[in-house]
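The values are calculated or read from the model by the stated rules, or taken from the named source; none is laboratory data. Keep in mind that what you see is a predicted model, and the values were worked out from it rather than measured. Please note: Cβ atoms are built from the backbone with ideal geometry, for glycine as well, and neighbour counts cover all protein chains shown.
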Amino acid sequence: MAKHLCAAIVFLVWGVSAGCGGSDGGGGPVADVPAESQDAAGDGLAVPEVGPDAAADGVEVTKDPMLQFTNATCEKLVECGPTFLEMHFGGLEACKVREYETVKPLLDLPGLDVDWAACAGASQAMTCQQFIRQHIGETPIADACAWTGSLKDGEPCSHPYQCEGRICARTAGSSCGTCASALPDGADCEGSYVLSSACGIGSACAGGKCVQLGDTGDSCDPSTAPCFSDLGCVDGKCGPPRKAGEKCKLLTGECDLYGQGLVCHLALGTCVPLGLAGPDGACGLTETAAVVCKLGTCYPSALAGTCTAQAADGDPCDPEVGPDCQIHAQCVSGTCEQFFTPVCQ
C-alpha cells in the first residue's frame, strides 16, 4: 500500500488540474471565491482577492477565467471524487483556494495556450467518467479547452501540456524537465514522469512495458494490463468497480476508489471505505478498516503508523521520513515547491 492509497492510482499526480487533469452534470454554477481574505484552507492560506474586472466606466465585464476553471474543478470533485477532495484538500472551499493559487502560475508558462473559461464550462458538462479520465491525464483534454502546447522535443518544460507531444520528461524532485515524445505501446519503461506517463495519454507503464489502458470489456490485470481508473478489473475484465461490502482480492484495482473511496481490505476480502485521520492520528490497516491521512502522510509505513501533517510551500520537507508536501507541490532539495511556479527556460 502506498503512503497515499489514492495517490497510488492517481495523480498525482492530479493529472491535468493540473488540468481540465485525479467528471455528470452537476456541480451547479461556478461559484466565485469571496473577495475577503480568510483562512478557508485551515492552513493559513488566504482566499485570493478576485472578482469582476471593472471597465473604465465602472461596468462589470468578464470574471477571472482561471478562477472559473479552478472552481469548476473543485465543484466537480464534490460529485466525482469526494474522498480524494477531503483527503488532499480538506473540503470544497479549501480546494478552491489551493487550486487557484497553485494552478494560476500556468498562465506564465511558455508554450502553453488554454481557453480557461471554455475549459471551465467543459468540466461542468462532463460525466464523472469523463472528468476522472481527463483529470488524471488518461484521456485528452476536451476540445473546448483548446489546451495546446508549442514547445518542441528537447525544450525545457514544467507541465506536459507546454509540449507539442504532451510529454514533459520531469522526474520526481526536479523543478524542470524536457519535452519528449511518448513511448510506443510495448516499449520498455520505468514508470511515469511528474504529471504525465512516459507512455503518453491513454497508456500506462505496467510491468515494465507501455500498455494501453483497458476500457469496459477489455481483458485486464492490475499489474500488467490496468484499466482506466474509473473502472475496476473484475474477474479479468474491465468494468464497473466493486461496491462497498462486495468481495475482492486486490488492494486497489477492483473496488470503486474514486466514486466511493473504497479499497479492498485483504484480510476481510471485501471492499471497505477509506477512513481519514488527521495529524497525529493512527493510520494504516486495522482488523476492519483502511485509514489514510487527511492533509498528511502516514509514517513510518502506510500499513501502520501515525499521520504527519503536510509541510507548507517553502517549508522543509522529507518524503521518506516526513513531512511531505501539499497537493500540487513536491519536495525539491529539501523544500516544498509548487509544481508550476518554476518557469523553465
Checklist outcome for this item: Turns out the strands (runs of 3 or more DSSP E) fully within segment 234-345 with at least 2 residues that are surrounded by 18 or more Cβ atoms within 10 Å (Cβ to Cβ) are 262-265, 270-277, 282-285, 290-293, 296-301, 304-309, 329-332, 335-338
Item to check | Test: Thr216 is outside any strand (DSSP E or B), crowded, with 17+ Cβ neighbours inside 10 Å and not acidic (Asp, Glu) | outcome: no
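Provide a single number: the residues in segment 231-258 that are among the β-branched types (Val, Ile, Thr) and under 21 Å from the mean Cα position of the chain (by Cα).
Here the count works out to 1.
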Next on the checklist: Looking at Ala125, Ala198, Ala180 in this structure, which one is more than 17 Å from Val343 (Cα to Cα), surrounded by 19 or more Cβ atoms within 10 Å (Cβ to Cβ) and more than 18 Å from the chain's Cα centre (by Cα)?
Outcome noted: Ala180
Item to check | Within segment 187-197, considering residues that are out of contact with any strand residue (DSSP E or B) (no Cβ under 6 Å at 6 or more places or on another chain) and assigned to a loop (DSSP other than H, G, I, E, B), the one farthest from Leu107 (Cα to Cα) | outcome: Glu190
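Out of all the residues in segment 228-236, is one or more on the phi > 0 side of the Ramachandran plot and not charged (D, E, K, R)?
yes
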Item to check | Breaking point among (1) polar (S, T, N, Q); (2) in a loop (DSSP other than H, G, I, E, B); (3) more than 25 Å from Phe228 (Cβ to Cβ), for Thr178 | outcome: (2)
Checklist outcome for this item: Scanning segment 117-167 for residues that are touching a Gly at 6+ places or on another chain (Cβ under 9 Å) and under 12 Å from Phe69 (Cβ atoms) gives Cys119, Ser123, Gln124, Ile141, Ala144, Cys145, Trp147
Checklist entry - If you go through segment 183-192 one residue at a time, how many are modelled with pLDDT of 90 or more and either touching a Lys or Arg at 6+ places or on another chain (Cβ under 7 Å) or surrounded by fewer than 17 Cβ atoms within 10 Å (Cβ to Cβ) (or both)? => result 6
